[in-house]
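Worksheet for the structure shown next.
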Amino acid sequence: MYNSKIIGLGHYVPENVVTNDDLSKVMDTNDEWIQERTGIKERRHVVKGDGDTTTSMGVKAAKVAIERAGIDKDDIDFIVFATLSPDYYFPGPGVLVQRDLGIKTVGALDVRNQCSGFIYGISVADQYIKSGMYKNILVIGSEVHSHGLDMTTRGRAVSVIFGDGAGAAILSREEDTSKGILSTHLHSEGQHAEELSLLAPGMGNRWVSDIIADNDPNDESYLPHMNGQFVFKNAVVRFSEVIVEGLKANKLEATDIDLLVPHQANLRISQFIQKKFGLKDDQVFNNIMNYGNTTAASIPIALTEAWEQGRVKEGDTVVLAAFGSGFTWGSAIIKW
Ligand code: COA
(Lines give C-alpha, C1' and ligand atoms only; values in the text may rest on other atoms or scores of the structure.)
Protein backbone atom coordinates (compact mmCIF):
# COMPACT_ATOMS: atom_id res chain seq x y z
CA MET A 1 0.00 0.00 0.00
CA TYR A 2 1.02 3.56 -0.76
CA ASN A 3 -0.25 6.97 0.25
CA SER A 4 -1.10 9.75 -2.17
CA LYS A 5 0.38 13.21 -1.85
CA ILE A 6 -0.63 16.52 -3.39
CA ILE A 7 2.47 17.55 -5.37
CA GLY A 8 1.03 20.40 -7.45
CA LEU A 9 -1.79 22.93 -7.13
CA GLY A 10 -3.21 25.54 -9.49
CA HIS A 11 -6.20 27.78 -9.85
CA TYR A 12 -7.83 30.05 -12.37
CA VAL A 13 -10.60 32.61 -11.95
CA PRO A 14 -12.16 34.77 -14.69
CA GLU A 15 -10.95 38.37 -14.83
CA ASN A 16 -14.42 39.91 -14.54
CA VAL A 17 -14.92 41.07 -10.92
CA VAL A 18 -18.55 41.53 -9.80
CA THR A 19 -18.82 43.53 -6.57
CA ASN A 20 -21.80 43.66 -4.24
CA ASP A 21 -22.46 47.18 -5.51
CA ASP A 22 -22.54 45.82 -9.08
CA LEU A 23 -25.24 43.35 -7.99
CA SER A 24 -27.25 46.09 -6.29
CA LYS A 25 -27.62 47.73 -9.72
CA VAL A 26 -29.50 44.72 -11.14
CA MET A 27 -31.41 43.45 -8.08
CA ASP A 28 -32.69 44.72 -4.75
CA THR A 29 -29.69 43.96 -2.56
CA ASN A 30 -26.85 45.86 -0.92
CA ASP A 31 -23.25 45.44 0.16
CA GLU A 32 -24.11 45.55 3.87
CA TRP A 33 -26.67 42.69 3.68
CA ILE A 34 -24.37 40.47 1.63
CA GLN A 35 -21.27 41.06 3.78
CA GLU A 36 -23.14 40.69 7.05
CA ARG A 37 -24.82 37.38 6.08
CA THR A 38 -22.10 35.79 3.94
CA GLY A 39 -18.81 37.72 4.26
CA ILE A 40 -18.65 38.03 0.46
CA LYS A 41 -17.30 41.29 -0.99
CA GLU A 42 -16.94 40.27 -4.63
CA ARG A 43 -16.96 37.26 -6.91
CA ARG A 44 -15.86 36.49 -10.48
CA HIS A 45 -18.29 35.89 -13.33
CA VAL A 46 -17.25 34.66 -16.76
CA VAL A 47 -18.20 36.97 -19.60
CA LYS A 48 -20.26 35.09 -22.16
CA GLY A 49 -18.34 34.75 -25.40
CA ASP A 50 -14.93 35.34 -23.78
CA GLY A 51 -14.14 31.64 -23.97
CA ASP A 52 -14.11 30.78 -20.26
CA THR A 53 -16.10 27.62 -19.57
CA THR A 54 -16.08 25.08 -16.76
CA THR A 55 -13.75 22.92 -18.84
CA SER A 56 -11.45 25.67 -20.11
CA MET A 57 -10.99 27.12 -16.62
CA GLY A 58 -10.30 23.61 -15.31
CA VAL A 59 -7.71 23.14 -18.05
CA LYS A 60 -6.00 26.43 -17.15
CA ALA A 61 -5.87 25.48 -13.46
CA ALA A 62 -4.61 22.00 -14.38
CA LYS A 63 -1.75 23.38 -16.51
CA VAL A 64 -0.46 25.33 -13.49
CA ALA A 65 -0.82 22.30 -11.20
CA ILE A 66 1.01 20.03 -13.67
CA GLU A 67 3.87 22.51 -14.06
CA ARG A 68 4.22 23.00 -10.30
CA ALA A 69 4.14 19.23 -9.79
CA GLY A 70 7.15 18.99 -12.10
CA ILE A 71 5.55 16.25 -14.16
CA ASP A 72 4.61 15.98 -17.82
CA LYS A 73 0.97 15.69 -18.95
CA ASP A 74 1.90 12.24 -20.27
CA ASP A 75 2.68 11.16 -16.69
CA ILE A 76 -1.02 11.55 -15.75
CA ASP A 77 -2.71 8.17 -15.35
CA PHE A 78 -6.28 9.29 -14.62
CA ILE A 79 -8.48 12.39 -14.55
CA VAL A 80 -11.20 13.22 -12.01
CA PHE A 81 -13.41 16.25 -12.68
CA ALA A 82 -15.88 17.56 -10.08
CA THR A 83 -18.55 20.06 -11.11
CA LEU A 84 -22.27 20.81 -10.97
CA SER A 85 -22.03 23.09 -13.99
CA PRO A 86 -20.64 21.00 -16.89
CA ASP A 87 -20.24 22.51 -20.38
CA TYR A 88 -22.52 19.82 -21.83
CA TYR A 89 -25.32 17.72 -20.39
CA PHE A 90 -23.17 14.85 -21.65
CA PRO A 91 -20.35 13.96 -22.04
CA GLY A 92 -18.90 15.36 -18.83
CA PRO A 93 -15.87 17.65 -18.71
CA GLY A 94 -13.36 14.92 -17.75
CA VAL A 95 -13.01 13.75 -21.36
CA LEU A 96 -12.84 17.35 -22.60
CA VAL A 97 -9.84 17.90 -20.32
CA GLN A 98 -8.21 14.74 -21.71
CA ARG A 99 -8.73 16.17 -25.21
CA ASP A 100 -7.79 19.79 -24.50
CA LEU A 101 -4.64 18.95 -22.54
CA GLY A 102 -3.65 16.38 -25.19
CA ILE A 103 -3.31 13.67 -22.55
CA LYS A 104 -3.08 10.08 -23.78
CA THR A 105 -6.27 7.99 -23.61
CA VAL A 106 -6.37 7.59 -19.82
CA GLY A 107 -9.64 7.20 -17.91
CA ALA A 108 -11.66 10.31 -17.07
CA LEU A 109 -14.27 10.30 -14.31
CA ASP A 110 -16.89 12.97 -13.62
CA VAL A 111 -17.97 13.57 -10.03
CA ARG A 112 -21.43 15.01 -9.26
CA ASN A 113 -21.19 15.89 -5.58
CA GLN A 114 -21.49 19.67 -5.73
CA CYS A 115 -19.74 21.47 -2.85
CA SER A 116 -18.23 18.19 -1.62
CA GLY A 117 -17.13 17.28 -5.16
CA PHE A 118 -13.44 18.01 -4.72
CA ILE A 119 -13.20 15.97 -1.52
CA TYR A 120 -15.07 13.09 -3.18
CA GLY A 121 -12.67 13.50 -6.12
CA ILE A 122 -9.48 13.32 -4.09
CA SER A 123 -10.94 10.43 -2.08
CA VAL A 124 -11.44 8.41 -5.29
CA ALA A 125 -8.00 9.39 -6.58
CA ASP A 126 -6.43 8.49 -3.23
CA GLN A 127 -7.88 4.96 -3.36
CA TYR A 128 -6.53 4.35 -6.88
CA ILE A 129 -3.09 5.52 -5.79
CA LYS A 130 -3.15 3.62 -2.47
CA SER A 131 -3.95 0.37 -4.28
CA GLY A 132 -1.04 0.88 -6.68
CA MET A 133 -3.29 1.07 -9.75
CA TYR A 134 -2.27 4.62 -10.72
CA LYS A 135 0.68 6.86 -9.88
CA ASN A 136 -0.36 10.40 -10.86
CA ILE A 137 -3.96 11.64 -10.92
CA LEU A 138 -5.27 15.05 -11.97
CA VAL A 139 -8.22 16.18 -9.85
CA ILE A 140 -10.12 19.30 -10.94
CA GLY A 141 -12.99 21.26 -9.40
CA SER A 142 -14.49 23.93 -11.65
CA GLU A 143 -17.74 25.85 -11.90
CA VAL A 144 -19.52 28.40 -14.03
CA HIS A 145 -22.46 29.40 -11.86
CA SER A 146 -23.12 32.82 -13.35
CA HIS A 147 -24.82 31.55 -16.56
CA GLY A 148 -27.49 29.78 -14.52
CA LEU A 149 -28.31 32.30 -11.79
CA ASP A 150 -31.45 34.40 -11.57
CA MET A 151 -29.92 37.88 -11.56
CA THR A 152 -33.16 39.56 -10.54
CA THR A 153 -34.52 40.31 -7.05
CA ARG A 154 -36.42 37.00 -7.18
CA GLY A 155 -33.13 35.06 -7.13
CA ARG A 156 -31.13 37.33 -4.82
CA ALA A 157 -30.88 34.92 -1.83
CA VAL A 158 -28.96 32.48 -4.05
CA SER A 159 -27.37 34.63 -6.76
CA VAL A 160 -25.30 36.86 -4.49
CA ILE A 161 -23.51 33.84 -3.00
CA PHE A 162 -22.12 31.94 -5.97
CA GLY A 163 -19.10 32.68 -8.16
CA ASP A 164 -17.11 31.13 -11.01
CA GLY A 165 -13.62 29.62 -10.94
CA ALA A 166 -11.48 26.51 -11.03
CA GLY A 167 -8.82 24.73 -9.02
CA ALA A 168 -6.73 21.63 -9.69
CA ALA A 169 -4.41 19.26 -7.85
CA ILE A 170 -1.99 16.55 -8.85
CA LEU A 171 -2.05 13.58 -6.48
CA SER A 172 0.99 11.36 -6.71
CA ARG A 173 2.21 8.11 -5.19
CA GLU A 174 3.98 8.54 -1.83
CA GLU A 175 5.94 5.56 -0.50
CA ASP A 176 6.09 6.95 3.07
CA THR A 177 2.62 6.16 4.43
CA SER A 178 3.01 8.62 7.30
CA LYS A 179 2.81 11.43 4.71
CA GLY A 180 0.18 12.67 2.26
CA ILE A 181 -3.54 12.00 2.47
CA LEU A 182 -4.00 10.06 5.71
CA SER A 183 -7.73 9.46 5.34
CA THR A 184 -10.92 10.72 3.71
CA HIS A 185 -14.46 10.53 5.10
CA LEU A 186 -17.55 10.78 2.90
CA HIS A 187 -21.26 11.04 3.72
CA SER A 188 -24.62 11.72 2.12
CA GLU A 189 -28.23 12.25 3.15
CA GLY A 190 -30.44 12.18 0.05
CA GLN A 191 -33.52 12.81 2.14
CA HIS A 192 -32.72 16.52 1.71
CA ALA A 193 -31.81 16.36 -1.99
CA GLU A 194 -34.27 19.06 -3.06
CA GLU A 195 -33.32 21.57 -0.34
CA LEU A 196 -30.36 22.75 -2.43
CA SER A 197 -30.97 21.76 -6.01
CA LEU A 198 -31.54 22.61 -9.64
CA LEU A 199 -34.31 20.29 -10.84
CA ALA A 200 -34.69 20.96 -14.53
CA PRO A 201 -33.97 20.12 -17.21
CA GLY A 202 -33.90 16.52 -16.05
CA MET A 203 -34.94 13.22 -17.60
CA GLY A 204 -36.97 12.32 -14.51
CA ASN A 205 -38.57 15.70 -14.25
CA ARG A 206 -39.00 18.44 -16.83
CA TRP A 207 -37.02 18.26 -20.05
CA VAL A 208 -36.12 21.27 -22.24
CA SER A 209 -39.12 20.67 -24.51
CA ASP A 210 -41.46 20.87 -21.49
CA ILE A 211 -39.91 24.15 -20.37
CA ILE A 212 -40.23 25.63 -23.87
CA ALA A 213 -43.79 24.33 -24.30
CA ASP A 214 -44.89 25.83 -20.97
CA ASN A 215 -43.17 29.15 -21.72
CA ASP A 216 -44.04 30.19 -18.16
CA PRO A 217 -42.31 33.38 -16.93
CA ASN A 218 -42.84 32.18 -13.35
CA ASP A 219 -41.10 28.86 -14.01
CA GLU A 220 -38.23 28.56 -11.51
CA SER A 221 -37.51 24.88 -12.09
CA TYR A 222 -34.33 25.60 -14.07
CA LEU A 223 -32.97 28.01 -11.47
CA PRO A 224 -31.00 26.93 -8.40
CA HIS A 225 -33.13 26.57 -5.28
CA MET A 226 -31.71 26.84 -1.76
CA ASN A 227 -33.48 26.60 1.57
CA GLY A 228 -30.82 28.87 3.07
CA GLN A 229 -31.49 28.55 6.79
CA PHE A 230 -32.00 24.78 6.60
CA VAL A 231 -28.74 24.42 4.65
CA PHE A 232 -26.93 26.60 7.18
CA LYS A 233 -28.16 24.56 10.17
CA ASN A 234 -27.20 21.25 8.59
CA ALA A 235 -23.86 22.58 7.36
CA VAL A 236 -22.55 23.61 10.78
CA VAL A 237 -23.47 20.21 12.28
CA ARG A 238 -22.10 18.08 9.44
CA PHE A 239 -18.90 20.13 9.04
CA SER A 240 -18.19 19.62 12.74
CA GLU A 241 -19.02 15.90 12.73
CA VAL A 242 -16.88 15.05 9.74
CA ILE A 243 -13.87 17.01 11.01
CA VAL A 244 -14.12 15.19 14.37
CA GLU A 245 -14.44 11.86 12.50
CA GLY A 246 -11.28 12.58 10.51
CA LEU A 247 -9.29 13.71 13.54
CA LYS A 248 -10.34 10.66 15.58
CA ALA A 249 -9.47 8.24 12.77
CA ASN A 250 -5.91 9.58 12.92
CA LYS A 251 -5.71 9.96 16.71
CA LEU A 252 -5.44 13.73 16.33
CA GLU A 253 -6.91 16.61 18.34
CA ALA A 254 -8.16 19.96 17.07
CA THR A 255 -4.97 21.47 18.53
CA ASP A 256 -2.97 19.38 16.01
CA ILE A 257 -4.56 21.20 13.05
CA ASP A 258 -2.07 23.53 11.37
CA LEU A 259 -4.53 24.64 8.70
CA LEU A 260 -8.22 24.00 8.15
CA VAL A 261 -9.36 24.73 4.60
CA PRO A 262 -13.15 24.59 4.70
CA HIS A 263 -15.32 24.67 1.60
CA GLN A 264 -16.08 28.37 1.17
CA ALA A 265 -19.86 28.16 1.62
CA ASN A 266 -20.38 31.19 3.82
CA LEU A 267 -17.90 33.04 6.05
CA ARG A 268 -20.34 32.66 8.97
CA ILE A 269 -20.17 28.86 8.65
CA SER A 270 -16.34 28.95 8.64
CA GLN A 271 -16.32 31.25 11.67
CA PHE A 272 -18.73 28.97 13.54
CA ILE A 273 -16.43 25.98 12.88
CA GLN A 274 -13.34 27.97 13.85
CA LYS A 275 -14.93 28.91 17.18
CA LYS A 276 -16.25 25.41 17.83
CA PHE A 277 -12.78 23.88 17.42
CA GLY A 278 -11.04 26.75 19.22
CA LEU A 279 -8.86 27.55 16.20
CA LYS A 280 -6.91 30.79 15.80
CA ASP A 281 -7.32 32.99 12.71
CA ASP A 282 -4.08 31.68 11.20
CA GLN A 283 -5.34 28.08 11.50
CA VAL A 284 -8.28 28.62 9.12
CA PHE A 285 -8.03 29.74 5.50
CA ASN A 286 -10.87 31.80 4.01
CA ASN A 287 -11.06 33.57 0.66
CA ILE A 288 -14.85 33.63 0.14
CA MET A 289 -14.61 37.44 0.45
CA ASN A 290 -12.97 37.55 -2.98
CA TYR A 291 -14.64 34.70 -4.88
CA GLY A 292 -17.99 33.87 -3.27
CA ASN A 293 -18.96 30.21 -3.11
CA THR A 294 -17.40 28.42 -6.08
CA THR A 295 -18.77 24.98 -5.08
CA ALA A 296 -16.44 22.18 -6.29
CA ALA A 297 -13.73 24.73 -7.07
CA SER A 298 -13.68 26.40 -3.66
CA ILE A 299 -11.34 24.01 -1.81
CA PRO A 300 -8.74 23.69 -4.60
CA ILE A 301 -8.76 27.48 -5.14
CA ALA A 302 -8.36 28.08 -1.39
CA LEU A 303 -5.71 25.38 -1.00
CA THR A 304 -3.75 26.80 -3.93
CA GLU A 305 -3.82 30.32 -2.47
CA ALA A 306 -2.91 29.00 0.99
CA TRP A 307 0.07 27.16 -0.52
CA GLU A 308 1.09 30.23 -2.58
CA GLN A 309 1.02 32.35 0.59
CA GLY A 310 3.24 29.89 2.47
CA ARG A 311 0.41 28.89 4.79
CA VAL A 312 0.93 25.17 4.02
CA LYS A 313 4.36 23.78 4.86
CA GLU A 314 5.93 20.35 4.82
CA GLY A 315 4.91 18.35 7.88
CA ASP A 316 1.75 20.42 8.51
CA THR A 317 -1.53 18.74 9.39
CA VAL A 318 -4.03 20.12 6.89
CA VAL A 319 -7.75 19.41 7.16
CA LEU A 320 -10.17 19.84 4.27
CA ALA A 321 -13.92 19.75 4.92
CA ALA A 322 -17.03 20.38 2.86
CA PHE A 323 -20.80 20.27 2.98
CA GLY A 324 -23.30 20.92 0.22
CA SER A 325 -26.12 19.90 -2.05
CA GLY A 326 -27.20 16.29 -1.82
CA PHE A 327 -26.80 16.69 1.05
CA THR A 328 -23.22 15.44 0.82
CA TRP A 329 -20.29 16.17 3.09
CA GLY A 330 -16.76 14.98 3.67
CA SER A 331 -13.30 15.62 5.08
CA ALA A 332 -9.70 14.82 4.23
CA ILE A 333 -6.85 14.70 6.74
CA ILE A 334 -3.49 15.43 5.15
CA LYS A 335 0.10 15.33 6.45
CA TRP A 336 1.72 17.80 4.05
N1 COA B 1 -30.18 41.08 -0.38
C2 COA B 1 -31.03 41.68 0.46
N3 COA B 1 -32.02 41.01 1.10
C4 COA B 1 -32.10 39.69 0.90
C5 COA B 1 -31.23 39.02 0.03
C6 COA B 1 -30.25 39.77 -0.62
N7 COA B 1 -29.36 39.22 -1.46
N8 COA B 1 -31.57 37.72 0.02
C9 COA B 1 -32.61 37.57 0.83
N10 COA B 1 -32.94 38.77 1.37
C11 COA B 1 -34.01 39.08 2.32
C12 COA B 1 -35.11 38.06 2.31
O13 COA B 1 -36.03 38.33 1.27
C14 COA B 1 -35.70 38.23 3.67
O15 COA B 1 -36.54 39.36 3.66
P16 COA B 1 -37.90 39.40 4.53
O17 COA B 1 -37.43 39.25 5.97
O18 COA B 1 -38.47 40.70 4.20
O19 COA B 1 -38.70 38.23 4.06
C20 COA B 1 -34.50 38.56 4.53
O21 COA B 1 -33.47 39.01 3.63
C22 COA B 1 -33.99 37.36 5.31
O23 COA B 1 -33.93 36.25 4.43
P24 COA B 1 -33.42 34.87 4.89
O25 COA B 1 -33.40 33.95 3.72
O26 COA B 1 -34.17 34.47 6.11
O27 COA B 1 -31.92 35.26 5.28
P28 COA B 1 -30.87 34.41 6.07
O29 COA B 1 -30.50 35.13 7.28
O30 COA B 1 -31.23 32.97 6.17
O31 COA B 1 -29.63 34.52 5.08
C32 COA B 1 -28.47 33.12 3.54
C33 COA B 1 -29.73 33.93 3.81
C34 COA B 1 -28.62 32.45 2.20
C35 COA B 1 -27.28 34.07 3.49
C36 COA B 1 -28.25 32.12 4.69
O37 COA B 1 -29.43 31.36 4.91
C38 COA B 1 -27.14 31.17 4.42
O39 COA B 1 -26.00 31.58 4.35
N40 COA B 1 -27.43 29.89 4.27
C41 COA B 1 -26.45 28.89 3.95
C42 COA B 1 -26.16 29.03 2.52
C43 COA B 1 -24.99 28.23 2.10
O44 COA B 1 -24.00 28.16 2.78
N45 COA B 1 -25.12 27.64 0.94
C46 COA B 1 -24.11 26.90 0.36
C47 COA B 1 -23.99 25.58 0.98
S48 COA B 1 -22.79 24.71 0.18
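The values are calculated or read from the model by the stated rules, or taken from the named source; none is laboratory data. Remember, it's a predicted structure, so these values are computed and weren't measured experimentally. Because the Cβ atoms are built from the backbone with ideal geometry, glycine has one as well, and the counts that use them run over all protein chains shown. Remember, those area values only see protein heavy atoms, side chains included, never the ligands or the DNA or RNA. Shrake-Rupley method; radii C 1.70, N 1.55, O 1.52, S 1.80 Å.
In Å², what does the accessible area per residue of the chain work out to with a 1.4 Å probe?
Per residue, the chain has an accessible area of 43 Å².
Taking 0.36 nm per residue of sequence separation and subtracting the Cα-Cα distance, how much length would be gained by fully extending the chain between residue 175 and residue 33, in nm to one decimal? Present the calculation step by step, with values, prior to reporting the outcome.
Values: separation 142, 0.36 × 142 = 51.12 nm, distance 4.96 nm.
Net length gain for the segment: 46.2 nm.
If the cut-off is 15 Å between C-alpha atoms, which aspartates and glutamates fall inside it for residue 25, apart from same-chain ones fewer than 8 positions away?
List returned: 42, 150.
Tell me the label-point distance for the pair residue 252, residue 237, using the 7 Å Cα-to-Cβ offset, in nm and rounded to one decimal.
2.6
Given the options 129, 301, 119, state which has the largest fluctuation in a GNM of the chain using a 10 Å cut-off (strictly under) for Cα springs.
Sorting by GNM fluctuation, first place goes to 129.
Before anything else, pin down the relative contact order of the chain: Cα pairs under 8 Å, at least 6 apart, normalised by residue count, whole percent.
Computed value for the chain: 26 percent relative contact order.
Strictly over 21 Å apart at the Cα level, which of 5/275; 73/313; 5/135 would you flag in this model? Kindly include the intermediate steps, with their values, before the conclusion.
Values: 5/275 29 Å; 73/313 25 Å; 5/135 10 Å.
Going by Cα-Cα distance, 5/275; 73/313 fall outside the 21 Å limit.
Could you compute the net charge surrounding residue 334? Neighbours are other residues with a C-beta less than 13 Å from the C-beta of residue 334; K and R count +1, D and E count -1. Write out the running numbers ahead of the final one.
Values: positive: 5, 179, 313, 335; negative: 126, 174, 256, 258, 314, 316.
Summing Lys/Arg as +1 and Asp/Glu as -1 gives -2.
Once you sort the root eigenvalues of the Cα gyration tensor of segment 181-335 as a ≥ b ≥ c, which label holds: rounded (a/c under 1.5), prolate (a/b larger than b/c) or oblate (the other case)?
Working: a/c = 2.53, a/b = 2.13, b/c = 1.19.
Because a/c hits 1.5 or more and a/b exceeds b/c, segment 181-335 counts as prolate.
Calculate what fraction, in whole %, of the accessible area of the chain sits on carbon and sulfur atoms when a 1.4 Å probe is rolled over the protein chains.
C and S fraction of accessible area: 49 percent.
Where the centre of each part is set by its Cα atoms, how far does segment 1-20 sit from segment 174-220, in angstrom?
About 21 Å separates the Cα centre of segment 1-20 from the one of segment 174-220.
Exactly which chymotrypsin sites (Phe, Trp or Tyr not before Pro) in segment 132-227 are in a DSSP loop and have at most 14 other Cβ atoms within 10 Å?
Sites meeting the loop and neighbour criteria: 207.
Measuring from label point to label point, each 7 Å out along Cα→Cβ, what is the residue 21 to residue 1 span in nm?
Output for this residue pair reads 5.5 nm.
Starting at the first residue of segment 227-235, write each ³J(HN,Hα) from the Karplus equation 6.51 cos²θ - 1.76 cosθ + 1.60 with θ = phi - 60°, in whole Hz, x for Gly and Pro.
With the stated coefficients, segment 227-235 comes to 7, x, 5, 5, 4, 4, 4, 5, 4 Hz.
Going down the table (130/251; 179/233; 63/179), which pairs top 30 Å between alpha carbons?
Working: 130/251 20 Å; 179/233 34 Å; 63/179 25 Å.
Exceeds cut-off: 179/233.
What is segment 3-177's relative contact order, in percent, from Cα pairs under 8 angstrom and six or more apart in sequence?
35
Exposed loop sites here are trypsin sites (Lys or Arg not before Pro) in DSSP loop states with at most 12 other C-beta atoms within 10 Å. What is the longest stretch of the chain lacking them? Before the final figure, lay out each step's value.
Numbers: sites that count: 25, 48, 104, 251, 280, 313.
The reported range is 105-250.
Looking at the chain as a GNM with Cα springs under 10 Å, which of 167, 148, 92 has the largest mean-square fluctuation?
Per the Cα network of the chain with a 10 Å cutoff, 148 tops the list.
Using only alpha carbon pairs under 8 Å that are at least six residues apart, calculate the relative contact order of segment 1-79 and give it in whole percent. If you can, show how the numbers build up before the last one.
Numbers: 76 pairs, mean separation 34.6, N = 79.
Computed over segment 1-79, the figure is 44 percent.
Residues with beta-carbon under 14 Å from that of residue 252, excluding residue 252: net charge, scoring Lys, Arg +1 and Asp, Glu -1?
-2
Can you work out ³J(HN,Hα) from phi for every residue in segment 139-145, in order, using Karplus 6.51 cos²θ - 1.76 cosθ + 1.60 and θ = phi - 60°, giving whole Hz and x for Gly and Pro?
Running phi through 6.51 cos²θ - 1.76 cosθ + 1.60 with θ = phi - 60° gives 10, 10, x, 8, 8, 10, 7 Hz.
Return the sequence-ordered ³J(HN,Hα) values of segment 99-108 in whole Hz as given by the Karplus equation 6.51 cos²θ - 1.76 cosθ + 1.60 applied to θ = phi - 60°, using x for Gly and Pro.
The phi angles translate into 5, 6, 8, x, 7, 4, 6, 7, x, 9 Hz.
Between segment 34-76 and segment 269-288, how far is it from one alpha carbon centroid to the other, in angstrom?
Cα centres, segment 34-76 to segment 269-288: 24 Å.
So for segment 178-278, taking the charge dipole from beta-carbon charges (+1 Lys/Arg, -1 Asp/Glu), which of 269, 252, 193 sits furthest toward the positive end?
Result: 252, furthest along the dipole toward the positive end.
What number comes out for the charge environment of residue 321, summing +1 per Lys or Arg and -1 per Asp or Glu over other residues with Cβ under 11 Å away? Provide the component values of the computation, followed by the final result.
On the way: positive: 238; negative: 241, 245.
For residues surrounding residue 321, the net value is -1.
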